[in-house]
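Below is one structure, written out as structure tokens, with a few remarks after it.
The values are calculated or read from the model by the stated rules, or taken from the named source; none is laboratory data. Computed from a predicted structure; not experimentally measured. Please note: Cβ atoms are built from the backbone with ideal geometry, for glycine as well, and neighbour counts cover all protein chains shown. These accessible areas exclude ligands, DNA and RNA; they are computed on the full protein's heavy atoms, side chains included. Shrake-Rupley method; radii C 1.70, N 1.55, O 1.52, S 1.80 Å.
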Amino acid sequence: MPVSRRALVAAAVCLVLPLSACGSGSDGNSSTDASGKVEGDITFQTWNLRANFKDYFEGLIADFEKEYPGTEVKWIDQPAEGYADKISADAAGGTLPDVVNVSPDLVAPLAKAGLALDLDKAASKYQEEYLEGAWASHRIPGMTGTYAFPWYLNTGPLFYNKALFKDAGLDADQPPKTYDDLFADALALADKTDGKVATLANVPTVEDFGRYGVELMNKEGTAFAFNDAKGVELLTKYKELYDAKALDPQALTATPESSGKKFLTGAVAMNPGSALDLGNFKKQAPNLYKNIGITDQITSTGHVNMYVMGVMVNAQTKKKPAAVAFAHYVTDAAHQMSFAKKVAIFPSTAGSLDDPYFTQEDGTDETRVRIAAAKSLKTAVNYTPVLFSEQMKTALRNEVAKALQGKESPKEALDNAVKACDTLLQQQG
């Protein structure tokens, strides 16, 4: 997957496997035993990584083949567009690669179809090498097991425009730390600018409800629960912001890219981001860069949101020892660390975030962001439920839009969203 914050935000895509995929490609090799000699030919599929990281992966594969004589890894890289559809087609046709780059939501239907190897059984000896939250990110509600090695993580701070805060009479050195602060500052900024400058550019997503402390699903993973009192409270607050133009009027149709552009041009005062964005600000908006403020993600739970990528082993592979060994090799501490130094992502391996690269200041904003993000990732949570498909995101977004436009009350909108998402959940099987 393209390794940028925005790409990772967009990583969750819907994948619905046809019923015929259940057990497809079965060759009687569906046990979880991955012991035995590491040898043979395997295929490894990544998600739009060849263009920028060809040398890295070719070197990694060569090193693996040298360490394990008799192995050969064929690397396949698929474009970002249609990646979920490609996996679905391969799963249905029995042509799923041996080792596959996935996000948690892509793992869920594959695991349910018996196509993702349970690493709690096949590779439990490696579990302690990874951050607890990262290993848990590829577990599926209602199932036992872990279905992918955690790979790279990402998170980021909130950026804010100090000049816009000052112009509105707000203290630019005291950015909002809580949701109450955020809503109060947003309303004040909209009031002072007669609605010309919004503070936020995006409607609340499922992860925002999670960060606010809303219980997103029941513990069994059989029904959604974000229409509780706390969920209604958050959407009611956003309705107030929308009416006051403290939430950008175009937020209903915003994308991460369009929100980023609004922040670049000074139309909105705050936007989430990552260390990658600072370079863009410097090049594309030097005036903004001079006035950039950096603060922590706002959360009511004490845990920031993280995005996580994984590496799954096909349960039907004929070369389990080699496939498991390679998936672990790609995601072990040494290789994650070397990858993290090539691009602004973070390792999911235990102890890696204590490396001086993630702890020692050098006076630059880029390092400051990297260090803050690394610290927060140690206890970060992937708030987006593994079972929350792209169709569910659309259902929630549509109902949120109706509430903000006053077509439904926040309670009605969330009730309808939960009902729609529960129906989609039942269709998943």
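What's the magnitude of the charge dipole for the chain around its Cα centre, counting Lys and Arg as +1 and Asp and Glu as -1 at the beta-carbon? Answer in Debye, nearest 20. Intermediate results must be reported in sequence, preceding the final value.
Details: 43 positive and 54 negative charges, 128 e Å.
My answer is approximately 620 debye.
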By average C-beta atoms within 10 angstrom, highest first, the peptides 416-422, 125-131, 267-273: 267-273, 416-422, 125-131
Packing-based order for 165-172, 365-372, using average beta carbon neighbours within 10 Å, highest first: 365-372, 165-172
Cα-based reach from LYS37 at 15 Å (exclusive), listing aspartates and glutamates while leaving out same-chain residues under 8 positions away: GLU65, GLU67, GLU72
The stretch 176-330: C-alpha gyration tensor shape, a/c 1.5 cut-off, then a/b vs b/c: oblate
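Excluding GLY169 itself, what net charge comes from residues whose Cβ is under 14 Å from its Cβ, given Lys and Arg +1 and Asp and Glu -1? Could you put the intermediate results ahead of the total?
Numbers: positive: LYS162, LYS166, LYS192; negative: ASP167, ASP171, ASP173, ASP185, ASP191, ASP194.
With Lys, Arg at +1 and Asp, Glu at -1, the neighbours total -3.
In whole percent, how big is the carbon plus sulfur part of the accessible area of the stretch 235-274, probe 1.4 Å, protein atoms only? Please report the intermediate quantities before stating the final value.
On the way: 930 of 1640 Å².
After summing per-atom areas, the C and S share lands at 57 percent.
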Between the stretch 44-110 and the stretch 402-429, the Cα center-to-center distance that results, in Å: 36
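Would you tally the net charge around LEU119, using a Cβ to Cβ cut-off of less than 11 Å, leaving LEU119 out, and scoring K and R as +1, D and E as -1?
Working: positive: LYS121, LYS125, ARG139; negative: ASP118, ASP120.
Result for the neighbourhood of LEU119: +1.
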Mean-position separation - Cα centroids, the stretch 310-330 and the stretch 150-223, in angstrom: 40
222 nm mean residue ellipticity, helices alone, for the chain (DSSP H n ≥ 4; -39,500 (n - 2.57); rounded to 500): -12500 deg cm²/dmol
Considering only the chain, percent of DSSP beta bridges that pair antiparallel, nearest 5: 60
The chain: angle of helix 179-192 to the longest principal axis, Cα-based, in degrees nearest 10: 50
The stretch 203-256: C-alpha pair distances exceeding 18 Å, %: 40
Farthest toward positive dipole pole in the chain [+1 Lys/Arg, -1 Asp/Glu at C-beta], among ALA111, GLY266, VAL343: GLY266
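So how do MET143, MET392, MET337 rank on accessible area, 1.4 Å probe, biggest first, that is with the largest at the start? Write out the running numbers ahead of the final one.
Working: MET143 60, MET392 0, MET337 25 Å².
From most exposed to least exposed: MET143, MET337, MET392.
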Cα long-axis angle, helix 410-428 against the chain (0 to 90 degrees, to the nearest 10): 10
Cα-based helix-to-principal-axis angle, 83-93 vs the chain, degrees rounded to 10: 30
Projected-area average for the stretch 110-262 over all orientations - Cα convex hull basis, square nanometres: 11.8
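When the accessible area of the stretch 294-350 is computed with all protein chains present and a 1.4 Å probe, what percentage of it is carbon and sulfur? Kindly include the intermediate steps, with their values, before the conclusion.
Numbers: 770 of 1510 Å².
Heavy-atom surface of the stretch 294-350 belonging to carbon and sulfur, 1.4 Å probe: 51 percent.
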